[in-house]
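Data first, discussion second: the structure below is written as structure tokens.
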Amino acid sequence: MIEQPWASYSGQDHAVWAQLFERQQQVLVGRASDEFLTAQRAMHMSPQQIPKFEDLNRVLRAHTGWELIGVEGLLPELTFFDHLANRRFPVTWWIRKPEQIDYLAEPDLFHDLFGHVPLLMNPVFADYMEAYGRGGVKAHGINPEALVHLTRLYWYTVEFGLIKQADGLRIYGSGIVSSKSESIHCLESAAPNRIGFDLERIMRTRYRIDTYQKTYFVIDSFEQLMRATEPDFTPIYDRLATQDSIPAGDVLATDTVFHRGSGEGWLTDGDV
């Protein structure tokens, strides 16, 4: 955990933030969920400069009791879970370079601040994140397979989740809202599947880390997400241990299918 070195950000760093912020603000019109847009407005972020964690923390603490902590990058699993369980969200302090505007292999400050932080203002989603952290601490003490299953849940909800609204499917996952191309792809491309949320089905489903997702899962509401993850996961892990994982692009007969993907451009291997 480190202090945000705000004074050390260069003019280029602030310009990258501004470019990414303004671009995503435009892309997300009609694509991001109402909950995300409402929460983002309440955060009072702007393209003028990289936000200061201390300013955002004053807003977050007052609304949901969360706070941001600066980190160098990805954390060990148990450390990450412990932070979430205690309503601390780790944010990478550094921002990508201009030549990395369109793609970065690891999370940076823009992904974390723009993508993750706004929904911590939503009380239900904030509770879900804390519950996920507590579940992660518990899963860490069970076995590696439990962690694999729990990680898939995070991937398909927090990072790449869609939500159903009266006017259609919308984005809430941080990995999507912080990406111009995936914001368009996940809703408008014929290639990916869009399937209704099913907890155990998600926890069995492999995913992609190197390209667009083959499948996106759709929740009805954050309340649905919270309710589904309230029970003890121990018996779920026991059931999943006896079942095979599901390839990222598969559609099952039991799925609620919003759209069956064409599979165009899919790689035949590489699911994790």
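Numerical summary
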quantity: Residue list for region 193-212, restricted to those being of a type outside the set (K, R) and either closer than 20 Å to H259 by Cβ or touching a strand residue (DSSP E or B) at 6+ places or on another chain (Cβ under 7 Å) (or both); calculated: N193, I195, G196, F197, D198, I202, T205, Y207, T211, Y212
quantity: Those residues of region 186-237 which are of a type in the set (F, W, Y) and farther than 23 Å from V137 by Cα, in sequence order; calculated: F197, Y212, Y216, F217
quantity: Criterion: of a type in the set (D, E) and within 20 Å of D238 (Cα to Cα) - qualifying residue of E188, E182, E200, E223; calculated: E200
quantity: Selection from region 251-266 of residues that are in contact (Cβ under 8 Å) with a residue 24 or more places away in the chain and either touching a strand residue (DSSP E or B) at 6+ places or on another chain (Cβ under 8 Å) or under 16 Å from D198 (Cα atoms) (or both); calculated: V251, L252, T254, D255, T256, V257, F258, H259, R260, G261
quantity: Matching residues, region 104-130, being touching a residue at least 24 places away in the same chain (Cβ under 8 Å), within 20 Å of Y212 (Cβ to Cβ) and either touching a strand residue (DSSP E or B) at 6+ places or on another chain (Cβ under 6 Å) or not small (G, A, S) (or both); calculated: E106, P107, F110, H111, F114, H116
quantity: Some residue of region 77-89 being surrounded by fewer than 13 Cβ atoms within 10 Å (Cβ to Cβ) and of a type in the set (G, A, S); calculated: no
quantity: Of all residues in region 131-173 being touching a residue at least 24 places away in the same chain (Cβ under 8 Å) and more than 29 Å from A241 (Cβ to Cβ), the one that is surrounded by the fewest Cβ atoms within 10 Å (Cβ to Cβ); calculated: Q165
quantity: Lone qualifier among V91, V124, V71 - being under 23 Å from T229 (Cβ atoms) and modelled with pLDDT of 95 or more; calculated: V124
quantity: Residue count, region 121-141 (criterion: within 15 Å of Y172 (Cα to Cα) and either part of a helix (DSSP H, G or I) or out of contact with any Asp or Glu (no Cβ under 9 Å at 6 or more places or on another chain) (or both)); calculated: 7
quantity: Single residue of region 78-90 satisfying the filter (touching a Phe, Trp or Tyr at 6+ places or on another chain (Cβ under 7 Å) and outside any helix (DSSP H, G or I)) that is farthest from F125 (Cα to Cα); calculated: P90
quantity: Top-ranked residue of region 194-222 - restricted to ones that are under 20 Å from A166 (Cα atoms) and touching a Gly at 6+ places or on another chain (Cβ under 7 Å), ranked as surrounded by the fewest Cβ atoms within 10 Å (Cβ to Cβ); calculated: V218
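The values are calculated or read from the model by the stated rules, or taken from the named source; none is laboratory data. Worth saying up front: this structure is predicted, and the values here are computed from it rather than measured. FYI the Cβ positions are ideal-geometry reconstructions off the backbone, even for glycines, and counts take in every protein chain you see.
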